[in-house]
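Have a look at the structure below, then the notes.
Every read-out reported here was derived from the displayed coordinates using simple, explicitly stated rules and does not represent laboratory data. Bear in mind the structure is a predicted one, so any value in this text is a computation, not a measurement. Here the Cβ is made from the backbone with ideal geometry for all residues, glycine too, and neighbour counts use every protein chain on show.
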Amino acid sequence: MTRWADIRAEVPDLAAEVEALFRSGTNKTLATIRADGSPRISGTELEIGDDVTLGMMPQSRKLADVLRDPRVAVHSPTLEPPKDPASWVGEAKLAGRLVQIEPPEGSPPSTAFALDVTEVVHTRLDETATYLVVRSWHPGRGLTELRRT
């Protein structure tokens, strides 16, 4: 399992940028896979420590999705772009598989998860707002950067 602590150790700058974006607001967007294979998006909250953790309400559709197929993607809060596009801090995405963990005391069983991270992405504009810069990390591949006009 790739933990957030592993990401921090391997790519500390990317981890710090992504953490800052995820901490910029409470509500994130979680993508799960429905029983028929189609995507489902839901609001969620998460915590970033040594692991990325999140919980789900018992009997929720997203919990049923995750118990059936643990692959997920999570998008950071969406912040309004500033008037100066070059100062936009960007957006972050995480992907991986959710692994059940011991829920906090008083929580129902099977509702707490840690993310086994398979992808970390930070997308922003360059200093001149000319290029879209996509920095990503994947296990075994490491850090890559792509610039597009």
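Here are some notes:
- Hey, residue 42 under 14 Å from the mean Cα position of the chain (by Cα) and surrounded by fewer than 18 Cβ atoms within 10 Å (Cβ to Cβ) or not: yes
- Within segment 23-130, strands (runs of 3 or more DSSP E) holding 3 or more residues that are in contact with a helix residue (DSSP H, G or I) (Cβ under 9 Å, 6 or more places away or on another chain) and touching a residue at least 60 places away in the same chain (Cβ under 8 Å): 91-100, 112-125
- Looking only at segment 131-142, and only at residues there that are assigned to a strand (DSSP E or B) and out of contact with any helix residue (DSSP H, G or I) (no Cβ under 9 Å at 6 or more places or on another chain), the one that is nearest to residue 64 (Cα to Cα): 138
A quick yes/no check of all residues on (1) touching a His at 6+ places or on another chain (Cβ under 7 Å); (2) of a type outside the set (A, V, I, L, M); (3) surrounded by 12 or more Cβ atoms within 10 Å (Cβ to Cβ):
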| site | (1), (2), (3) |
| --- | --- |
| 18 | yes, no, yes |
| 25 | no, yes, yes |
| 35 | no, no, no |
| 58 | no, yes, no |
| 73 | no, no, yes |
| 76 | no, yes, yes |
